[in-house]
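Report on one structure; see the data block that follows.
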Amino acid sequence: MIQQQANTITKFDAWVLATRPRTLPAALVPVLVGSSIAINDGMFKPLAAIVALVCAILIQIGTNFVNDLYDFLHGTDKKDRIGPKRVVTSGLISIPEMKLGIIFVFGLSFVLGMYLVHLAGWEILLLGVISILAGIAYTAGPFPLAYNGLGDIASFLFFGLIGTVGTYYVQANEISPFAFWSSIPVGALITNILVVNNYRDREEDQSNGKNTLAVLLGEKFARLQYVFFMIVSYAILFVVYFTYKNSAWVFLPLISLPLSVKLIKMIFTLRGRELNKTLELTAKLSALYGLLFAAGILI
């Protein structure tokens, strides 16, 4: 049956599936928020913002490719997994093909990133290399981050702090406290996507030796972590309002609050495959919050 399904999917479709399109807004949001602060401060450089966005998306895709390959090689992903289909496990893309894909995507991000290095200096080169290495080390290498309880921290740092502040830096050539504080809700809500994923897969991961925080600290911790990140994301709006942007428009993300409440109810009541919808909506919340936050900064 699986082989028949594989035969109905073209190679192009398989590569698109491997990029995990629903996760890619995670790369968009920090660049969007960082650029909105650059515009607010009169530092906006459109080409730098576009290149930063493309590099961020490529690094996210490369990380997804590595994850697809090494979760298969570690034996974590099986054909009957409760999450979305994985292309190497399903036989849609071979191991050698995926290795070439990883090299191509990360290599392209490095080449494009040299333009940002030209604009902002060696610090961005270091940041780019660390980001690529972290994308690989997430599931590969002798100490894969996702298998040792460090995936959440890596997600928060790279999608939040580094993504948002780094985007601002390549345009303004300086670090902004405004960008730093704004990176916290960005990182928190993107990390919540991973929290749902790990919460859903915790039993499967535990049996396969993948020690995520949900495995190490339990399902109660994972639910509380999810709620904590939600609360922090909306609380930061008050810090931004009273410290950096005294405009009621920064509270625009509160429009997304009903979705947050719905998601909290879902993570406390749903289990297994039912959480796939929670995962999808958590990703949409991250994108919606980011769009509203960026708009509130700009108005």
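Structure above, values below:
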quantity	calculated
Extension gain (nm, one decimal) between T10 and F268, 0.36 nm per residue minus Cα-Cα	89.1 nm
q = 0.10, 0.19 Å⁻¹, the stretch 36-129: log10 I(q)/I(0) [Debye, one scatterer per Cα]	-0.38, -0.87
Compactness relative to 2.2 N^0.38 Å, alpha carbon Rg of the stretch 192-253	1.55
For the stretch 35-74 versus the stretch 234-299, the gap between their alpha-carbon centres in whole angstrom	21
Model label zone, Q206; criterion: amide N under 14 Å from point 7 Å along Cα-to-beta-carbon; scope the stretch 136-177	none
For the stretch 2-298, with +1 on Lys and Arg beta carbons and -1 on Asp and Glu, the positive-most of I190, P258, T63 along the dipole	P258
Counting all C-alpha pairs of the stretch 2-298, share separated by more than 27 Å (%)	41
Distance histogram in 5 Å bins (all Cα pairs of the stretch 173-299, percent per bin)	2, 11, 21, 21, 16, 12, 9, 6, 3, 1, 0
For peptides 102-109, 133-140, sequence by mean Cβ density within 10 Å, most packed first	133-140, 102-109
Exceeding the 28 Å Cα-Cα cut-off - candidates K45/K245; K220/K262; K85/K265; K45/K85; K99/K277	K45/K85; K99/K277
Packing-based order for 262-275, 214-227, 183-196, 58-71, using average beta carbon neighbours within 10 Å, highest first	183-196, 58-71, 214-227, 262-275
Residue-averaged [θ]222 nm for the chain, counting only DSSP H segments that reach four residues, each worth -39500 (n - 2.57)	-23500 deg cm²/dmol
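Read-outs: derived from the displayed coordinates by stated rules, not from any lab. These numbers come from a predicted model, not from an experiment. Here Cβ is always computed from backbone atoms with ideal geometry, including for glycine, and neighbour counts include all displayed protein chains.
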